[in-house]
Amino acid sequence: MDQRGAFERDRDRILYSSAFHRLAGITQIVRAGELDIFHTRQQHTYKVAQIGRRLAQYRLYAQPKAAKLQGLDAEVVEAACLAHDLGHPPFGHAAEYELDRLVRDPTICGGLVEDAAPDGYEGNAQTFRILTKLAVRYGKDSPGLDLTRATLAATLKYPWLRDLSNDKKKKKWSAYTSEKTAFEWAREHCRGDYKTAEAELMDWADDIAYSVHDLEDFHRVGIIPWSEIFSDKARDRIIDGALKDWARDPSNPADSHVRLKRAMDRIKLRTKMFPRVTDEVYNGAREQRRQLRNFTSTLIGGYVRAVTLAEDLKGDAVIIDSDASDEVRLLKYFARQYVIGLPALHAQQYGQKRIVRDLFSIFLTEGKAGHLGLFPTRLQYIWEDNSDDKPARLAADCVASLTENEAYQLHGRLMGTESGLVLDPIVR
């Protein structure tokens, strides 16, 4: 007899899944393995899960009645956090956008119009597909990890299918039409398009980890110039850039400019307590490390305490203090401004997208022809067990199942640029 509760089993199944193991070889922002200092997706996910659990535990302690009303469970939050990035393909968002383009129009790389899956590719929707269909635990008749309705609903950061006619639903969504039945089952007891409380907390935990821990990585390698950020010239440019990003959100408030200015002032004031962080080039000195740890801990603690649960079921299940959400929005923009815009990163991503296109084309062409012996053994079941799905969807599944190292090596072998070893299957 299993001594665990249903939600505990969900959490453990995700943690021990092959899809979770793969995240150790997937980009967070900078390519996995480039420098040990950078977070991989798996390291990021562990921190999201830790923050998510603390968020849930604090709300259960501080608001027991509201937690009961919202059906909050800390195990479900942690499980959703562990699962939230399973669908990210190798090479991060650059590959995600490329796969979306290829799945919607496979004629780009030799496919046919009828091969396409019109709802494209999205990391969150791929996560749901992995959990409900691609993950292997039982026999062919029971695909996926057999998770509870609550945990599946908690993974749905954007709880709708793609709708290209709706600005809110055309860029981000959490399930493909191929998993519509499972999606509707998971959302059966949910309210409209509102996320569950656990999904809200998972989403906020992800934002906290991204804005704080990724920024910490780039501070340590000297990419984040704090003195420049807080200068009068750069300050206005950064706020204007963050404002343009926010303007793309239909719910963008009228006072967003004022709010971002105030958020910048609060962040600057907070950094004054940690001069070794902002006034020195990081070299790993003990006092620098101590102050950096305390700086990030201060930020995270404040953002964990900035959350409350709604006392009714009329709107969002979770309420986030606007000061905290504004600061996190600005911190996330720092990374985009100083890291994601690096020319070297763009050049790297250019080559990575080419690898994605080549692999997708091979998987699509050879999969349709039934030449599965060419595929790594671990990927063959994708075509064998899901023959009712569109070929472009299955080709994308194969690409998205790889680590970055596997993608590089498999590409070299299939394109003839590297022979590899006969006894090395590359993908295990």
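A compact table of results
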item: Flag if residue 59 is open to solvent by 10 Å² or more (accessible area, probe 1.4 Å), in contact with a strand residue (DSSP E or B) (Cβ under 8 Å, 6 or more places away or on another chain), in a helix (DSSP H, G or I) and more than 16 Å from residue 11 (Cα to Cα); result: yes
item: Looking only at the stretch 18-28, and only at residues there that are crowded, with 20+ Cβ neighbours inside 10 Å and among the hydrophobic types (A, V, I, L, M, F, W, C), the one that is modelled with the lowest pLDDT; result: 26
item: Residue within the stretch 252-264 that is open to solvent by less than 30 Å² (accessible area, probe 1.4 Å), of a type in the set (S, T, N, Q) and touching a Leu at 6+ places or on another chain (Cβ under 9 Å) present; result: yes
item: Filter result for residue 66 (touching a strand residue (DSSP E or B) at 6+ places or on another chain (Cβ under 6 Å), within 26 Å of residue 332 (Cα to Cα) and not in a loop (DSSP other than H, G, I, E, B)); result: no
item: Residue in the stretch 127-148 that is closer than 24 Å to residue 48 by Cα, at pLDDT 95 or above and in contact with a strand residue (DSSP E or B) (Cβ under 8 Å, 6 or more places away or on another chain) present; result: yes
item: Pairs where the first residue, in the stretch 95-123, is assigned to a loop (DSSP other than H, G, I, E, B) and the second is open to solvent by 20 Å² or more (accessible area, probe 1.4 Å) and small (Gly, Ala, Ser), C-beta under 6 Å, 6+ apart; result: 110/361
item: Members of the stretch 132-179 that are open to solvent by less than 40 Å² (accessible area, probe 1.4 Å) and free of Cβ contacts under 8 Å to residues at least 40 places away in the same chain; result: 144, 152, 160, 169
item: Residues (acidic (Asp, Glu) and either open to solvent by 10 Å² or more (accessible area, probe 1.4 Å) or in contact with a helix residue (DSSP H, G or I) (Cβ under 6 Å, 6 or more places away or on another chain) (or both)) located in the stretch 200-251; result: 200, 203, 206, 207, 214, 216, 228, 232, 236, 240, 245, 249
item: Candidates 92, 120, 111, filtered to the one that is small (Gly, Ala, Ser), touching a Pro at 6+ places or on another chain (Cβ under 8 Å) and either at pLDDT 95 or above or open to solvent by less than 40 Å² (accessible area, probe 1.4 Å) (or both); result: 111
item: Any helices (runs of 4 or more DSSP H) falling wholly within the stretch 238-305 and containing at least 1 residues that are within 23 Å of the chain's Cα centre (by Cα) and modelled with pLDDT of 95 or more; result: 286-304
item: Residues that are free of Cβ contacts under 8 Å to residues at least 40 places away in the same chain, of a type outside the set (Gly, Ala, Ser) and exposed (fewer than 14 other Cβ atoms within 10 Å of the Cβ), drawn from the stretch 298-341; result: 314
item: Subset of the stretch 172-196 [in a loop (DSSP other than H, G, I, E, B) and among the β-branched types (Val, Ile, Thr)]; result: 196
item: The stretch 351-387 - residue that is charged (D, E, K, R) and in contact (Cβ under 8 Å) with a residue 24 or more places away in the chain and, of those, least open to solvent (accessible area, probe 1.4 Å); result: 358
item: Candidates 196, 177, filtered to the one that is modelled with pLDDT of 95 or more, in contact with a Gly (Cβ under 8 Å, 6 or more places away or on another chain) and not aliphatic (A, V, I, L, M); result: 196
item: Subset of the stretch 31-51 that is β-branched (Val, Ile, Thr) and out of contact with any Phe, Trp or Tyr (no Cβ under 9 Å at 6 or more places or on another chain) - its residue that is modelled with the lowest pLDDT; result: 37
item: Neighbours by Cβ (under 6 Å, 6+ apart or cross-chain): first from the stretch 54-83, at negative phi; second aromatic (Phe, Trp, Tyr) and in a helix (DSSP H, G or I); result: 73/7; 75/7; 76/7
item: Pair list, Cβ under 7 Å, 6 or more apart: the stretch 1-15 residue touching a residue at least 12 places away in the same chain (Cβ under 8 Å), other residue of a type outside the set (S, T, N, Q) and open to solvent by 70 Å² or more (accessible area, probe 1.4 Å); result: 13/137
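The values are calculated or read from the model by the stated rules, or taken from the named source; none is laboratory data. Everything numeric in this text was worked out from a predicted model, so none of it was measured. Neighbour counts are summed over all protein chains in view; Cβ atoms, including those assigned to glycine, are modelled from backbone coordinates with ideal geometry. Just the protein is used for accessible areas: all its heavy atoms, side chains included, with ligands, DNA and RNA removed. Shrake-Rupley method; radii C 1.70, N 1.55, O 1.52, S 1.80 Å.
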